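Worksheet: the structure to be examined is printed underneath.
The values are calculated or read from the model by the stated rules, or taken from the named source; none is laboratory data. Small disclaimer: the values here were computed from a predicted structure and weren't measured. Don't worry about glycine lacking a Cβ; one is built from the backbone with ideal geometry, like all the others, and counts go over all protein chains shown.
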Amino acid sequence: EDIAGLAAFEAILAEDSRIEPRDWMPEAYRKTLVRQISQHAHSEIIGMQPEANWISRAPSLKRKAILMAKVQDEAGHGLYLYSAAETLGTPRTKLTEDLIAGKARYSSIFNYPTRSWADVGAIGWLVDGAAICNQVPLCRASYGPYGRAMVRICKEESFHQRQGFEILLELSQGTPAQKQMAQDAVNRWYAPALMMFGPPDDDSPNSKQSMAWNIKRFSNDELRQRFVGMMVEQVKVLGLTLPDDQIRFDEETGKWQHGSLDWNEFKEVLAGRGACNSQRLERRREAHQDGAWVREAAAAYALREQRVEVA
Ligand code: 3HC
């Protein structure tokens, strides 16, 4: 360890300031950031698939345009995050190879199927809502490029959540069949959305160190209960219900309690045995192959431009 470097690193953290790419940092700090930021980036890119499934089947031109904009935003979020990960010395080609080889994690939530149009609303309202809960504190992450990427992402995420909420509200106020479709989607996406926040605190090996390094500002359970508190109010406006009759506010602890979650299901999904894991990876592999010509053309163009500048 570099004594002076470590002292400078710890001083920056102590004043809750930012570590920048050229600052000295412990290898373990760099490693956990590449781990988290690359997984976050992979989540954004894989997360395009469940919703893209409904772009060609959106119920109106307006809904199609909004959904296309959202899916394109997710691609951009992936781009910002791969760029942030690259400032730590790992090229995105390596990160993409790991994802395609099935060696990289991405958020559990994207391994669930989107069975109806209402799922696009439930994803916007619940999944992007959970993402906002998790990502707002990350705007203050100690690693500069990550925190700054989050600021831009969170701005777009709030549009994502609003459009999801509006889809559910429209369905809930529609025919009884439409209302039932919306309720069915909320019933299927509620628990997986709560599990997005990660395992319970007493089963979260990275949390303690991540919090000591000001990467993670609040624990998994803290953010999860905060999210439940937000959804409890919003679901009333939707005229729908959350599939959890154990939700209550604990006056003593000041925290929201909720029903137990199926952590075996979570572990199965993380082990690649979720409903859609293999199809998500297969689609990502295809997209990478289909896009090879674009990468080759861009590289050839850049090389030619370089030659023109040198000549
Ligand atoms: N999906 C997949 N893996 C998960 C997970 C999840 N929901 N939650 C936890 N894990 C993994 C962790 O990566 C870790 O495995 P690893 O050591 O091999 O990386 C293990 O389970 C133990 O979890 P920990 O709590 O110890 O791990 P972390 O401290 O990293 O906390 C986290 C997990 C809260 C997800 C944190 O990594 C984080 O905040 N990541 C950034 C946010 C993010 O990735 N969000 C994903 C959603 S992107 C999105 O929502 C797109 C939206 O716009 C639609």
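Output the number of residues of the stretch 26-40 satisfying the condition of being more than 10 Å from the ligand (Cβ to nearest atom), touching a residue at least 24 places away in the same chain (Cβ under 8 Å) and assigned to a helix (DSSP H, G or I).
Narrowing the stretch 26-40 to residues more than 10 Å from the ligand (Cβ to nearest atom): 26-31, 33-34.
Checking which are touching a residue at least 24 places away in the same chain (Cβ under 8 Å) leaves us with 26, 28-30, 33-34.
Checking the rest, the ones that are also assigned to a helix (DSSP H, G or I) come to 28-30, 33-34.
Number of matching residues: 5.
I'd like to verify a number: residues in the stretch 279-299 that are hydrophobic (A, V, I, L, M, F, W, C) and either outside any helix (DSSP H, G or I) or closer than 17 Å to Ile45 by Cα (or both), how many?
First, pick out the residues of the stretch 279-299 that are hydrophobic (A, V, I, L, M, F, W, C): 281, 287, 292-294, 297-299.
The next check asks that each one be either outside any helix (DSSP H, G or I) or closer than 17 Å to Ile45 by Cα (or both); those that pass are 281, 287, 292.
Qualifying residue count, the stretch 279-299: 3.
Any idea which residue in the stretch 137-147 is surrounded by the most Cβ atoms within 10 Å (Cβ to Cβ), counting only those that are in contact (Cβ under 8 Å) with a residue 60 or more places away in the chain and more than 11 Å from the ligand (Cβ to nearest atom)?
Going residue by residue through the stretch 137-147, those that are in contact (Cβ under 8 Å) with a residue 60 or more places away in the chain are 137-138, 140-147.
Narrowing the set further to residues that are more than 11 Å from the ligand (Cβ to nearest atom) leaves 140, 142-145, 147.
Details: Arg140: 14, Ser142: 21, Tyr143: 27, Gly144: 16, Pro145: 22, Gly147: 19.
Once the filter is applied, the top-ranked residue is Tyr143.
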Count of the stretch 222-250 residues which are over 13 Å from Leu194 (Cα atoms), acidic (Asp, Glu) and part of a helix (DSSP H, G or I): 1
Would you mind finding the one in Ala75, Ala65, Ala52 that is under 22 Å from Gly274 (Cα atoms), surrounded by fewer than 21 Cβ atoms within 10 Å (Cβ to Cβ) and of a type in the set (A, V, I, L, M, F, W, C)? Ala52
Only one of Thr93, Thr114 is within 19 Å of Arg35 (Cβ to Cβ) and of a type in the set (Ser, Thr, Tyr); which? Thr93
Residue within the stretch 247-263 that is surrounded by 15 or more Cβ atoms within 10 Å (Cβ to Cβ), of a type in the set (D, E, K, R) and closer than 25 Å to Ser172 by Cα present: no
So Ile45 fits all but one of (1) under 15 Å from Leu99 (Cα atoms); (2) within 9 Å of the ligand (Cβ to nearest atom); (3) of a type in the set (Val, Ile, Thr); what number is the exception? (2)
Can you pull out every residue in the stretch 93-131 that is more than 12 Å from the ligand (Cβ to nearest atom), free of Cβ contacts under 8 Å to residues at least 24 places away in the same chain and not acidic (Asp, Glu)? Thr93, Lys94, Ala101
From the list Asn134, Asn187, which residue is in a helix (DSSP H, G or I), surrounded by fewer than 16 Cβ atoms within 10 Å (Cβ to Cβ) and touching a residue at least 40 places away in the same chain (Cβ under 8 Å)? Asn187
Per the list (1) part of a helix (DSSP H, G or I); (2) at pLDDT 95 or above, residue check on Thr253 breaks on (1)
Limited to the stretch 190-211, what total is found for residues that are more than 6 Å from the ligand (Cβ to nearest atom), more than 15 Å from the chain's Cα centre (by Cα) and either under 30 Å from Leu168 (Cβ atoms) or free of Cβ contacts under 8 Å to residues at least 60 places away in the same chain (or both)? 7
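Look through Val269, Val235 and report the one residue that is more than 10 Å from the ligand (Cβ to nearest atom), surrounded by 17 or more Cβ atoms within 10 Å (Cβ to Cβ), under 23 Å from the mean Cα position of the chain (by Cα) and not basic (Lys, Arg). Before you say what the answer is, go through the steps one by one.
Details: Val269 fails: more than 10 Å from the ligand (Cβ to nearest atom).
Every option except Val235 fails the conditions.
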